[in-house]
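These notes concern the structure reproduced below.
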Amino acid sequence: MKKDLSLLPARFIKRYKRFFADIRTEQGELLTVHCPNTGSMKNCQVEDALCWYSLSDNPRRKLVGTLEIVTTSFGNLAGVNTARPNHIVRQAIEDELIPELRGYQAIRTEVRYGEEKSRIDLLLEGQSGQCYVEVKNVTLDCGGGHAQFPDAVTSRGTKHLRELMAMVAQGHRAVLLFCVQLSGIESMSIAAHIDPLYAETLSAAIESGVEVMVWQADLSEKGISLQRPLPLKR
């Protein structure tokens, strides 16, 4: 199911101070919007490229708009709002789109767990037990139909891998799901050259029993939804 976002087109100008982006609307207005992305947004900051933003009806917000989709340096669309993947994946699970995650009767979000004071994105519960699902947003377009994660060193991501391994050790199921918010992608791999510790920890997590899934999202001005599984190249 694709959620209607009512996105508006604009032209990307620049991102700065991490959480701010300047865009130019179709009416020619210069607008500063919220950029909800803590990564480097490598290959996702193309000046004058098409982008899409959403508007908020919250009068208390300082910035009325949120940057949602940009055009990469390879001409693909990238969903840069890191708050979207959790909702996208949850909807896909509820719609039973992901075969490996069917059969759970309840889904809870942002549940505290682990010894490192983490919050799991999605906690699935059913007769078979609990399944801890950590969702990561992938936007690093490397060209040639290939994407990578992460786009910057992620100590938080490495911590999440340790927490997932601990859940497996306790007898629970643990899943790392990469949500590839990129069009034109056929495969994904880990950017070990950017964060070798994350790559090393992920290999250890897989060996310990943590399941890894890669799913591509369909992006348009009308909405975003999971589309299909992709291979993880190692």
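Taken together, the values in this text are just the output of simple stated rules run on the coordinates, not laboratory data. If you're wondering where the values come from, they're calculated on a predicted model, not measured in any experiment. Cβ: placed from backbone, ideal geometry, glycine included. Neighbour counts: every protein chain shown.
Brief remarks follow.
- If you run the Gaussian network model on the chain, springs between alpha carbon atoms under 10 Å, then out of Leu219, Leu176, Leu63 the most flexible one is Leu63.
- Placing a label point 7 Å from the Cα of Lys159 along the Cα-to-Cβ direction, the residues of the range 103-130 whose backbone N falls under 18 Å from that point are 110-122.
- Each label point was placed 7 Å from the Cα along the Cα-to-Cβ direction; for Ala49 and Ser203 their separation is 3.1 nm.
- In this structure, the pairs whose alpha-carbon distance is over 25 Å, taken from Lys17/Lys117; Lys17/Lys233; Lys159/Lys233; Lys42/Lys136, are Lys17/Lys117; Lys17/Lys233.
- For the range 1-78, GluC sites (Glu not before Pro) are listed when DSSP marks them as loop and at most 13 other Cβ atoms sit within 10 Å of their Cβ; the list is Glu26, Glu29, Glu47.
- The range 23-78 and the range 144-187: distance between their alpha carbon centers, rounded to Å: 24
- Taking a span of 30 Å or more along the helix axis (Cα atoms) and a mean Kyte-Doolittle hydropathy of at least -0.5 as the rule, no DSSP H helix of the chain qualifies.
- Amide H contacts under 5 Å for Phe20, placed H, 5+ residues apart: Cys35
- Computed log₁₀ I(q)/I(0) - Debye formula, equal Cα scatterers, no solvent, the range 84-233, q 0.11, 0.13 Å⁻¹: -0.40, -0.56
- Site pair Lys17 and Ser189 shows an inter-label distance of 3.9 nm when each label is modelled 7 Å from Cα along Cα→Cβ.
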